[in-house]
There are 2 protein chains.
Amino acid sequence: MDKKQLVIEYWHQVARQDASTLRTYFAPDAIINWHNTNEQFSVDEFLVANCEYPGSWHGRVERIEVVSDDVLVTVAFVWTAEENFSCHAVSFFQFEGDTIVKIDEYWGDDGKPPEWRRNKGIGKAIR
Amino acid sequence: MDKKQLVIEYWHQVARQDASTLRTYFAPDAIINWHNTNEQFSVDEFLVANCEYPGSWHGRVERIEVVSDDVLVTVAFVWTAEENFSCHAVSFFQFEGDTIVKIDEYWGDDGKPPEWRRNKGIGKAIR
């Protein structure tokens, strides 16, 4: 299966928070690292962390970089159904065949620039 | 010049916040996007945003992925001199030759997992 398509579908399932479907993407002994909170999860633990995460979510892959046959990097834009919060996640996928064996993930909240920077009058909106 | 070495040195200069040295890495019309705060900077604007950022900082590149001759992805760990705050930045570099023409950057603060997840008793420390 095309890996780009695979990670797009994976992110769709992450946002849906359906544990049984999401499990099928992973090797049984896969590791998922959330570096900002210093958490390393097994697949079972990750399914709890992702699928019991409070709220109802949407997700869209904004960028995919293919490093090699087995390494892909995605940028995902994730937002609440109420559209009152959003964030970006950058994920480094390690595959064996069509199965994920490791994800290193970096999450950052979206928000306004801090006041000191707004006062500089620099920059313009990207989107 | 080896691009991996170049982005390592670039991040060293980002942490030092020395505008005149940092400028030499960029094409004059380069664009720097900070997606979490929806800010697009010219080189001049980026030098203000980076080098007038309050505080004294350290930075270390934790990961480099080479997508092609002209595209690299870095993960940088950035922390204050007082060691009371840290964050991770993921940067997608676009080069022309040895010069940066575009950076798409995603910043996320570090911190503890939220209470609901700590109460689940899942995960272990990465570092």
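Structure above, values below:
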read-out	value
Residue list for the stretch A:42-52, restricted to those being part of a loop (DSSP other than H, G, I, E, B) and within 8 Å of another protein chain (Cβ to nearest Cβ)	A:E52
Residue in the stretch A:92-99 that is more than 24 Å from A:T37 (Cα to Cα) and among the acidic types (D, E) present	yes
Hits in the stretch B:9-26 - residues which are surrounded by 15 or more Cβ atoms within 10 Å (Cβ to Cβ) and over 21 Å from B:G55 (Cα atoms)	B:Y25, B:F26
Qualifying residues in the stretch B:53-93 (those that are of a type in the set (D, E, K, R) and in a strand (DSSP E or B)) - the one surrounded by the fewest Cβ atoms within 10 Å (Cβ to Cβ)	B:R60
Selection status of B:D110, surrounded by fewer than 17 Cβ atoms within 10 Å (Cβ to Cβ) and within 11 Å of chain A (Cβ to nearest Cβ)	yes
Residues satisfying the stated conditions in the stretch A:113-127, i.e. outside any helix (DSSP H, G or I), loosely packed, with under 10 Cβ neighbours inside 10 Å and either more than 7 Å from chain B (Cβ to nearest Cβ) or modelled with pLDDT under 95 (or both)	A:N119, A:G121, A:R127
Residue check, B:A30 assigned to a helix (DSSP H, G or I) and touching a strand residue (DSSP E or B) at 6+ places or on another chain (Cβ under 7 Å)	no
Pairs with Cβ under 6 Å, 6+ apart, first in the stretch A:99-124 and among the hydroxyl-bearing types (S, T, Y), second surrounded by fewer than 20 Cβ atoms within 10 Å (Cβ to Cβ)	A:T99/A:A27
Tabulated pairs, the stretch B:40-51, first closer than 13 Å to A:R118 by Cα, second modelled with pLDDT of 95 or more and of a type in the set (F, W, Y), C-beta under 6 angstrom, 6+ apart or interchain	B:A49/B:F41
Scope the stretch B:77-96; condition more than 10 Å from chain A (Cβ to nearest Cβ) and closer than 22 Å to A:S68 by Cα; matching residues	B:F93, B:Q94, B:F95, B:E96
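The values are calculated or read from the model by the stated rules, or taken from the named source; none is laboratory data. Please read all numbers here as calculations on a predicted model, not as lab measurements. Cβ coordinates were reconstructed from backbone atoms using ideal geometry, including for glycine residues, and neighbour counts include every protein chain displayed.
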